[in-house]
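Notes follow once the structure below has been shown.
The values are calculated or read from the model by the stated rules, or taken from the named source; none is laboratory data. Bear in mind the structure is a predicted one, so any value in this text is a computation, not a measurement. Note that we place each Cβ from the backbone using ideal geometry, even for glycine, and neighbour counts take in every protein chain shown.
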Amino acid sequence: MNRRKSTRAQEHKCIRIFISCALMFCFLLCRTSAGTKTNDLQKEARLQVYLPREVTIKGDIISLGEVSIIQGNPRQGELRAKAAKIPLGIISMVGQEIVIDRSMVLSRLACSGIPASKVMLTGAEKVTVKRQQKIIKSTEFVELASAFLKKNPPSGSVCKWEPIRIPKDLAVSEKNSDIKFSSRLVKDTAKNQAKVLISVIKDGNQIEEREVTFRLKFKSRRAVTLVDIPAGTVISSANVKIEEFVSSQPEPANWKPPYGQTTKHTLSANMVLGPNMFGPVKPEAVIERNQNVVIRIERPLLLVTAIGKAMQEGRAGEYIRVRNLNSQRIILAKVKEDGTVEPVF
C-alpha cells in the first residue's frame, strides 16, 4: 500500500516538472519571437545605405545617391530622396579621385537632419569616387603631329622624320566631349629637328597644349669616287659620280658637284668626297723662283721702277717676297698679271 502511494507521488512530481518545463519553453519562445519582431521593425525603420568600393560619376558634384545604394520601406520614399541629394564634395580637376568614408557619410546625413540612429551603413568602409574622362594617348598626339608634317614639311628636302620627344597622355572630362585639335610648327634652332605644337580645343576653347619633337631626315647628294684618284687630278664625271642618299643634316644651299676642282690628296675608290679633299684649279705661276722681276710703283703723276729678284714663285694676285737688287732689301709685293710686282707698304 505504501509502495503504491510512493509510486503515484513520483508520477505526479514528474508530471509537474514536465508541465513547468513546457510552460518555461513557451515563455522563452514567445519572448524570442517578440524580440525578433522588434529588431525587424527597428531595422525596417532605419535608412539602409550600401557603399561600393569604387564609383565613377558623370558630373563634378558628388551626391550620396550617386555613390551609394539607398534602400528603406515604402513609407521612407521622401527620406530616401532627401538623402540621395546630400552633396559629398566636388571633383575640380581632371583625373582627381576623392575618397569618402563612413564617418563622412554619417556626418553629412546628420547635418541634413538624419541622425546616425536612423541609418544602417553596409558595404565598404571607403568609397573611391572618380569622374568619367577621356584619355588622349601620347601616340595619338604623335600621329596628329606626323600627319601635320606630312602636309606641311619644314622644307622640300625633308623625306622622313621620327619622334624623339613624346608628350604625356592627357585626361579630358567627358562632360562635354566636343574635342578638336589644331597643329602648328614651332621655331627650332636645330636644323635637323621640327617641333609641332598641338592645341586641344574643347567646346571652342583651348584647354591644353602638347608638343612633339621630331628628328628630320633629308634628301641629299654626295660625290663618290669611281676609281683611285692621284693628288692634283681634275675631278670629272669620269672619276667621280653623284648619288642621292638620306642625310641627318640638310644639304648646304650652295652645294654643287665638284667637277672642275682638283684633288688635294690621293683618294681611294668608293670614297665620299668631303669639302676639304678638293679645291679650285690653281692658275699657272706668273713668276718663277729666282726670276728677275720689275718692281713697279705707279701713282697719279708718279712712276717708279726697280729691278728685283723673286724669292719664291707667284701667281697673279698672290703676295711673294722680292729682293731689291739696288738696296738688297727684301720686300713683300703683290704679283700682277703682267708679271710685274707692286710693293706693299
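Only one of the numbered conditions (1) crowded, with 16+ Cβ neighbours inside 10 Å; (2) under 19 Å from LYS126 (Cβ atoms); (3) touching a Lys or Arg at 6+ places or on another chain (Cβ under 6 Å) is violated by THR56, and that is (1). State yes or no: is THR189 among the polar types (S, T, N, Q) and either assigned to a strand (DSSP E or B) or assigned by TED's automatic domain parsing to the domain that holds PRO250 (or both)? Spelling it out, it is not the case that THR189 is among the polar types (S, T, N, Q) and either assigned to a strand (DSSP E or B) or assigned by TED's automatic domain parsing to the domain that holds PRO250 (or both). Remark: ILE307 matches the filter, which requires a residue to be touching a Leu at 6+ places or on another chain (Cβ under 6 Å) and either without any contact (Cβ under 8 Å) to a residue 24 or more places away in the chain or more than 25 Å from GLY232 (Cα to Cα) (or both). Only residues that are in a strand (DSSP E or B) and closer than 18 Å to LEU216 by Cα were counted in segment 148-180, giving 8.
Among the residues of segment 119-157, the ones that are farther than 28 Å from GLN193 by Cβ, at pLDDT 90 or above and not small (Gly, Ala, Ser) come to 9 in all. Here segment 213-263 is the region considered, the condition is being of a type in the set (Gly, Ala, Ser) and crowded, with 16+ Cβ neighbours inside 10 Å, and the residue that is farthest from ILE164 (Cα to Cα) is ALA223.
Taking the stated definitions as given, is SER173 crowded, with 17+ Cβ neighbours inside 10 Å, more than 19 Å from the chain's Cα centre (by Cα), modelled with pLDDT under 90 and not hydrophobic (A, V, I, L, M, F, W, C)? So SER173 fits the description; yes. When residues in segment 271-290 are screened for being surrounded by 15 or more Cβ atoms within 10 Å (Cβ to Cβ) and over 28 Å from LYS241 (Cβ atoms), 3 of them pass. Among what's in segment 85-113 and is surrounded by fewer than 14 Cβ atoms within 10 Å (Cβ to Cβ) and in contact with a strand residue (DSSP E or B) (Cβ under 8 Å, 6 or more places away or on another chain), pick the residue that is nearest to GLN132 (Cα to Cα). Among those residues, the one meeting the criterion is GLU97.
What about SER183, is it free of Cβ contacts under 8 Å to residues at least 24 places away in the same chain, assigned to a strand (DSSP E or B), farther than 20 Å from VAL246 by Cβ and not assigned by TED's automatic domain parsing to the domain that holds SER248? So SER183 does not fit the description; no. As a summary of the residue check, THR189 satisfies the conditions (1) surrounded by 14 or more Cβ atoms within 10 Å (Cβ to Cβ); (2) at pLDDT below 90; (3) of a type in the set (Val, Ile, Thr) except for the one numbered (1). Identify all residues within segment 229-251 that are among the small types (Gly, Ala, Ser) and over 20 Å from ALA194 (Cβ atoms); write none if there are none. ALA231, GLY232, SER236, SER237, ALA238, listed by residue number. Flag not set for ASP40, criterion: loosely packed, with under 14 Cβ neighbours inside 10 Å and either modelled with pLDDT of 90 or more or at positive phi (or both).
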